[in-house]
Amino acid sequence: MSKKRKTPEELRSHRWYGVSDLRSFGHRSRTAQMGYSRADYAGKPVIAIVNTWSDINPCHSHFRTRAEEIKRGVWQAGGFPIEMPAISLSENFQKPTTMLYRNLLAMETEELLRSYPADGAVLMGGCDKTTPALMMGAISMNLPVVFFPAGAMLRGDWRGTTLGSGSDAWKYWAELRAGNISQSEWTEIENGIARSPGTCMTMGTAATMMSAVEALGFSLPGASSLPAVDSRSAQMATLAGRRIVEMVWEDLKPSDILSPAAVDNAITTVLALGGSTNAVIHLIAMARRAGIGIGLDRFDELSRRVPVLANLRPAGKYLMEDFCYAGGLQAFLNVLSPLLNLDCLTITGNPLRESIAGRSVHNADVIRTLENPFAPSGGLAILRGNLAPAGAVMKPIAAEPHLLHHAGPAIVFDGCVDMMARIDDPDLDVNADSVLVLRNAGPKGGPGMPEWGQLPIPKKLLEQGVRDMLRISDARMSGTSYGACVLHVAPESFVGGPLALLEEGDIVELDVTKRTLNMRVSDADLAQRRAAWRPAAAVYPRGYGALFSTHIQQANEGCDFDFLEGTAPIPDPEIH
Ligand code: FES
């Protein structure tokens, strides 16, 4: 593409710094107060470095250093860096769920960029919701942006056994409950599973979304696969700082990069990675911020023709560190290229074709070929039926195959508290064919759609050797989780979706081949139950939670706030 390069007078920041009036006097004098002279910023692009560092986010604990490295690149390229902290969304610590706050960070990002003299931005994220949140805000603001991914932590280790974030926590927790490992062994695992800064190192939501954003064209080639502590990540930070300054002069904005074809590339990448089910919600929300109205059907269309090429946990064997050494995402995309739109523009200013050309795979067991995939399909499946008329999501490759076509009696939990109280009750009438159902865990019911969708296997079944069961909920599931978990059932039960009408003992039937999810209950019985159903009271009487509950949309719509979607223009602030 060829656009006219911007002049210094055309920079957005010129209105803060470059004119001669009372307000610009204030901006310049206050910049001087911070120790900068005019030569530091005059006529230069102002680059906001939106940093989601926090003392309570171990996935981003290297971001203070990385921010300095980004600044180095901005200075080198003739820009003026301004670091701006934003809410961190620490997946492990924030309750009830970071998903409650994804849209808050998206709003914060958009409004930070709008209200301050930013000409462009580097977005620093990685821990699960931070990536889509930063991108959603930046897409709406439509200033030049580079996404700088945190990168994954190093492999976990326990007595020489590799441990993967989340996946091995669930696995060994089940073994502890089954009495197969001791409490002291469990403590050893606790001390070995997270050994360095960086995100979860399985193909969980963090790695999935960092990869998706690179495939979408918003990160420098190769950035998303580098381990957080790799010195090449530090170099990549400086390169990001250099590149964003050029992007401002080139006026290369998200609207130049984000197209339906680019969104297809991101979805295809997620499917071929065997990525997180959460990506469905986030990619829909990101695309809709650009006015690209994708829905669940696009995921299902692509999932039928995209094989899983990555042999990564939780579905496969390896971890992100292995993926990096095997060639990383760029080599992966090169293998996947027959299924991608290679003309899509990226932040490099060039089409995707150019960055992936010649990138080779160094371990053919980690990154498989189209001819020898890890799985011929099954990255995701979109299900519909009288239990989920607006759709539900499943990751078939993470389930035991015999459960992909299954019918069994429902055991219904009315919420997480009910589930925790009853799941291990020795008198619970449950066997391996039962279908565990959790409701009131959706966007409004959770609220915030917590990651409760991998319902625990009842203890008495664990002791019998059962390790997977069909589980259904309107919740989400961690990208590091696995099992026959049907998620994101829409509409959710809290607003009266059919999941609210299911009763204990009803037969639930899943057929992944036909993409169906039904309860064997007659329409007449359902109508009777619907007439008797009454909505529960909202959880939050005031504050952000009340705003969230009023405006949050359903999972199949991306869980954005209704007032944030779309491309209606918002004027830049007047400077008086
Ligand atoms: Fe941050 Fe998993 S807890 S990425």
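The values are calculated or read from the model by the stated rules, or taken from the named source; none is laboratory data. Fair warning: this is a prediction, and the values are worked out from it, not measured in the lab. Counting neighbours? That spans all protein chains shown, and the Cβs are built from the backbone with ideal geometry, glycine included. To get the accessible areas, we keep the full protein, side chains included, count just its heavy atoms, and leave off ligands, DNA and RNA. Shrake-Rupley method; radii C 1.70, N 1.55, O 1.52, S 1.80 Å.
Miscellaneous remarks
- Residues that are within 16 Å of the ligand (Cβ to nearest atom) and among the hydroxyl-bearing types (Ser, Thr, Tyr) were ranked within the stretch 166-197; the one that is farthest from the chain's Cα centre (by Cα) is Ser196.
- One residue stands out in the stretch 36-69 among those that are free of Cβ contacts under 8 Å to residues at least 24 places away in the same chain and not in a loop (DSSP other than H, G, I, E, B): the one that is nearest to the ligand (Cβ to nearest atom), namely Arg64.
- Subset of the stretch 377-399 (residues that are surrounded by fewer than 23 Cβ atoms within 10 Å (Cβ to Cβ) and modelled with pLDDT under 95): Ser377, Pro396, Ile397
- Residue check for Trp75: open to solvent by 40 Å² or more (accessible area, probe 1.4 Å) and touching a His at 6+ places or on another chain (Cβ under 7 Å): no
- Single residue of Ala237, Ala169 found to be farther than 16 Å from Gly328 by Cβ, of a type in the set (A, V, I, L, M) and open to solvent by 10 Å² or more (accessible area, probe 1.4 Å): Ala169
- Looking across the stretch 135-162 at every residue that is surrounded by fewer than 24 Cβ atoms within 10 Å (Cβ to Cβ) and hydrophobic (A, V, I, L, M, F, W, C), the one that is nearest to the ligand (Cβ to nearest atom) is identified as Leu154.
- In the stretch 466-479, of all residues being within 14 Å of Asn431 (Cα to Cα) and either in contact (Cβ under 8 Å) with a residue 60 or more places away in the chain or among the basic types (Lys, Arg) (or both), the one that is most open to solvent (accessible area, probe 1.4 Å) corresponds to Arg467.
- For the stretch 124-134, residues that are within 13 Å of the ligand (Cβ to nearest atom), out of contact with any Lys or Arg (no Cβ under 9 Å at 6 or more places or on another chain) and in a helix (DSSP H, G or I) total 1.
- Tally, over the stretch 174-217, of residues that are closer than 19 Å to Tyr482 by Cα and either without any contact (Cβ under 8 Å) to a residue 24 or more places away in the chain or assigned to a loop (DSSP other than H, G, I, E, B) (or both): 9
- A count restricted to the stretch 78-105 and to residues that are of a type in the set (Phe, Trp, Tyr) and open to solvent by 10 Å² or more (accessible area, probe 1.4 Å) stands at 2.
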